[in-house]
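Student: Below you'll find the structure I mean.
The values are calculated or read from the model by the stated rules, or taken from the named source; none is laboratory data. These numbers come from a predicted model, not from an experiment. Positions of Cβ are backbone-derived with ideal geometry, glycine not excepted, and every protein chain shown enters the neighbour counts. Accessible surface areas use protein heavy atoms only, side chains included; no ligands, DNA or RNA. Shrake-Rupley method; radii C 1.70, N 1.55, O 1.52, S 1.80 Å.
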Amino acid sequence: MNSDLYPDLDAAGSLAAALEQLAADLGVDLTVVPGAWGSLVSAGIASSVPERKPLSVHIGAESRWFGVSGWSRGMELITGATPDLADVVRAGAAWGQGGSLRELRAELPFLHSSERAKAHEHGPVAVVELQWRVMREQAAEAPDFPEFGELVEAAHAEWQLRQLYVFSSHWTLGFSSCTGFPFSNEVAIAPSYDGSPYRVLKHPHADVIGEAATAEEAVALAVAQLPAGLGPAVEGTAE
């Protein structure tokens, strides 16, 4: 930690201690927990909302800034950076008290949410629909790999896959029955490349279950691997 950039942290002895002291000075009730990289340069601010992880806080190395990240049910909902430690205290309090993402961003403009995080507040169906839209846009932007686009469209046309959370890893499509990471991988399909067959897998990095000549045939084979009665993707993670 550069004491010239962080004289307040140096005086307090750590980021965690500085957060606690400043919270007390501001009359804000915070519970500071250990961070991922030690109390000197990182900390967490606990939340009273069970599904929200502690707000993660860490410091910058070359200039003064405090980065924050808030996760819930396997999804990063809020992130941002500020040079003002008081902003971090206020963000931790608002996050911990269950403030909505819109309320957090309105109160503290340094905070930001992705489109996926905003969809999260409307439920898993909204997240799944957004992810499919993004995937189809990604396919449309890869005209030199038409097999990928054909796979995305064939999968989207099949309702049993369209109700699942779709993601890609090295062009292989994965289908999860939950919207948060780590995903609950139900099946995956790798596109044809240079004349190779489409491949159906248990998940993007698993052994091949079967092969098919067309995207439609691969989708049919993938659907046959799904558990009976599998419903729409739910909020949360595989854990």
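Student: Probe 1.4 Å, all protein chains in place: accessible area of Val41 in Å², nearest 10?
Tutor: Ignoring ligands and nucleic acids, Val41 comes out at about 40 Å².
Student: Between region 20-84 and region 143-184, how far is it from one alpha carbon centroid to the other, in angstrom?
Tutor: Cα centroid of region 20-84 versus Cα centroid of region 143-184: 34 Å apart.
Student: Moving on to the next point. Per residue, what accessible area does the chain have, given a 1.4 Å probe and all protein chains present, in Å²?
Tutor: About 49 Å² of surface per residue is accessible.
Student: Could you order the peptides 155-161, 193-199 from most to least packed, using the average number of other C-beta atoms within 10 Å per residue?
Tutor: The packing order, highest mean first, is 155-161, 193-199.
Student: A follow-up question, please. Looking at the chain as a GNM with Cα springs under 10 Å, which of Arg73, Arg162, Arg64 has the largest mean-square fluctuation?
Tutor: Comparing Arg73, Arg162, Arg64 in a Gaussian network model of the chain, the most mobile one is Arg64.
Student: Once you wrap a convex hull around the alpha carbon atoms of region 19-80, what is its projected area averaged over all directions, in nm²?
Tutor: The directionally averaged projection comes out at 4.7 nm².
Student: Sticking with this one: Provide the gained length on full extension for the span Glu211 to Ala228, in nm with one decimal, where the gain is 0.36 nm per separating residue minus the Cα-Cα distance.
Tutor: Separation in residues times 0.36 nm, less the Cα-Cα distance, equals 4.0 nm.
Student: So how tilted is helix 15-26 from the main axis of the chain? Cα-based, degrees 0 to 90, rounded to 10.
Tutor: Rounded to the nearest ten degrees, it is 60.
Student: I've got another one for you. Applying a 10 Å radius around every beta-carbon, put 163-176, 48-61 in order of their mean neighbour count, most first.
Tutor: 163-176, 48-61
Student: Show that you can apply the helix-only estimate: for the chain, add -39,500 (n - 2.57) for every DSSP H stretch of four or more residues, divide by all residues, and state [θ] at 222 nm to the nearest 500.
Tutor: The helix-only estimate for the chain comes to -10500 deg cm²/dmol at 222 nm.
Student: I would also like to ask the following. Taking the square root of 5 times each eigenvalue of the Cα gyration tensor, what semi-axes in Å does the equivalent ellipsoid of the chain have, largest first?
Tutor: After scaling each eigenvalue by five and taking roots: 43, 18, 15 Å.
Student: For region 165-231, compute the orientation-averaged projected area of the C-alpha convex hull (one quarter of its surface), in nm².
Tutor: Projected over every direction and averaged, the Cα hull of region 165-231 covers 4.4 nm².
Student: Please identify, among Glu141, Glu153, Glu211, the residue showing maximal mean-square fluctuation in a Gaussian network model of the chain using a 10 angstrom Cα cutoff.
Tutor: Glu141
Student: Need one number: the % of Cα-Cα pairs in region 48-166 sitting beyond the 24 Å mark.
Tutor: 42 percent
Student: Next question. Do you know the relative contact order of the chain, to the nearest whole percent, from alpha carbon pairs under 8 angstrom that are 6+ apart?
Tutor: Here the relative contact order equals 12 percent.
Student: Using the Cα centre of the chain as origin and beta-carbon charges of +1 (Lys, Arg) and -1 (Asp, Glu), tell me which of Ala213, Ala119, Ser47 is placed farthest towards the positive end of the dipole.
Tutor: Ser47
Student: Quick check: residue separation of Gln138 and Leu26 times 0.36 nm, minus the Cα distance between them. What number comes out in nm?
Tutor: Taking Gln138 through Leu26 to full extension adds about 35.7 nm, to one decimal.
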